[in-house]
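Read-outs: derived from the displayed coordinates by stated rules, not from any lab. Since we're looking at a predicted model, the values are computed, not measured. Please note: Cβ atoms are built from the backbone with ideal geometry, for glycine as well, and neighbour counts cover all protein chains shown.
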Amino acid sequence: MGDLLTNPIFQTAVVPFVVALIAGLILNRFGWYWAGLAIVIGFIACAWLITDLKLFPLSSTRKIILLGLAGIIVGICLDIYSGTRRFIPYALFIGGAVAALWVIWPVLMRKEGTEFWLLAAGAAVYTGWLVAIMEKLREQPARAGTAALSLGIGTGVSAVMGASALLGQLAASIAAASGAYLLLAVFFSKQSAGSLMTLPVALLCSLFGIAGHVYATLPWYALPILAIIPLLACVPLPEQKPIWIKIALLVSATVPAAAVAIFITWWVEGAPPI
């Protein structure tokens with residue numbers, strides 16, 4: 001059993017999928033947006049197996065996990081909030097940008113001039129964009145879940161090829177948990193997402209991508225490809241088709257972007273060092 005718990009495939013794919021599936025089955029009974037937590041719970045299970053969820057002393061990876069957990073709390077507050085949501089994406093953009101700068105600050109401190117500003121601006125815009133655009137999908141579970149699936153695949157595999165197995169495993173676990181979430185969406189007509197799903201997922205995926213570039217060798221030009229995935233998840237869908245067909249169409253629209261990012265990383269870095 002100990003060997004199984006330390007197996008990377010078991011940690012990254014099996015555990016988050018099964019845990020997210022069980023969590024989703026339970027949380028769907030409570031209504032509201034609670035089912036959206038299934039993906040994050042699946043990720044937490046993977047993070048617990050890999051890192052024991054030790055958050056201190058802080059490292060870049062621990063900062064990302066901590067921000068993901070904080071994103072759950074902020075997401076719940078946003079879902080409870082009943083006022084106008086017009087300015088929320090802008091606030092989330094700023095919050096995501098600050099989160100990215102915090103994660104990469106040790107590296108930024110060693111940069112100067114143009115190099116400092118390019119790295120700071122790139123990381124801030126990438127994270128802020130994904131956090132803000134995913135908020136637009138909070139009321140569309142199939143689109144939000146598909147975007148999470150493709151972001152997890154693209155970020156996770158690219159990070160592994162960029163010489164960071166830890167970041168790759170954690171990001172890929174989001175894809176596995178998203179697969180369980182989408183499976184449940186086929187059978188539960190009232191499956192929900194909410195900001196408590198889209199915010200932490202967007203934060204985690206974007207920050208794992210940034211960390212893969214800054215702390216490993218994931219090429220920066222793979223990240224803009226990943227950034228269009230939420231937009232691809234907004235493609236028009238035939239209204240009368242069953243939900244499983246809609247999900248299949250969304251996967252067909254978003255996974256190619258993840259595949260391109262993976263191919264770019266493979267072309268630059270070669271096969272993963274495993």
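Please determine, in degrees from 0 to 90 and to the nearest 10, the orientation of helix 37-51 with respect to the longest principal axis defined by the Cα atoms of the chain, where the helix direction is its Cα long axis. Taking the Cα atoms of the chain, the angle to 37-51 is about 40 degrees. Whole-percent P(r), the stretch 173-253, all Cα pairs, 10 Å bins from 0: 14, 42, 32, 11, 1. Using Cβ point charges alone (K and R +1, D and E -1), the dipole size of the stretch 2-269 about the Cα centre works out to roughly 460 debye. Our Cα-only numbers for the stretch 2-269 put the radius of gyration and Dmax at 17.2, 56 Å. Ranking of 10, 208 by neighbouring Cβ atoms within 10 Å, starting from the fewest: 10, 208. Nearest 10 degrees is fine. How inclined is helix 141-161 to the longest principal axis of the chain, computing both from alpha carbons? Helix 141-161 sits at roughly 30 degrees to that axis. Converting phi to 3J(HN,Hα) with the Karplus coefficients 6.51, -1.76 and 1.60 and the offset θ = phi - 60°, the stretch 62-78 yields 5, 4, 5, 4, 4, 5, x, 5, 5, x, 5, 5, 5, x, 4, 4, 5 Hz in sequence order, with x at every glycine or proline.
So how do 98, 201, 74, 160 line up by other beta-carbon neighbours within 10 Å, fewest first? Each step should come with its number before you reach the end.
On the way: 98 14, 201 32, 74 18, 160 28.
In increasing order of surrounding Cβ atoms, one gets 98, 74, 160, 201.
Helical runs assigned H by DSSP (4 residues or longer) give the chain a calculated mean residue ellipticity at 222 nm of -24000 deg cm²/dmol, each run adding -39500 (n - 2.57) before division by the residue total. Straight-line cross-link reach from residue 190 at under 14 Å between alpha-carbon atoms covers these aspartates and glutamates, not counting any fewer than eight positions away in the same chain: 139. Note on the chain: GNM, Cα springs under 10 Å; of 242, 219, 200, the largest mean-square fluctuation is that of 242.
Take the Cα of residue 25, step 7 Å toward its Cβ, do the same at residue 86, and the gap between the two points is 4.5 nm.
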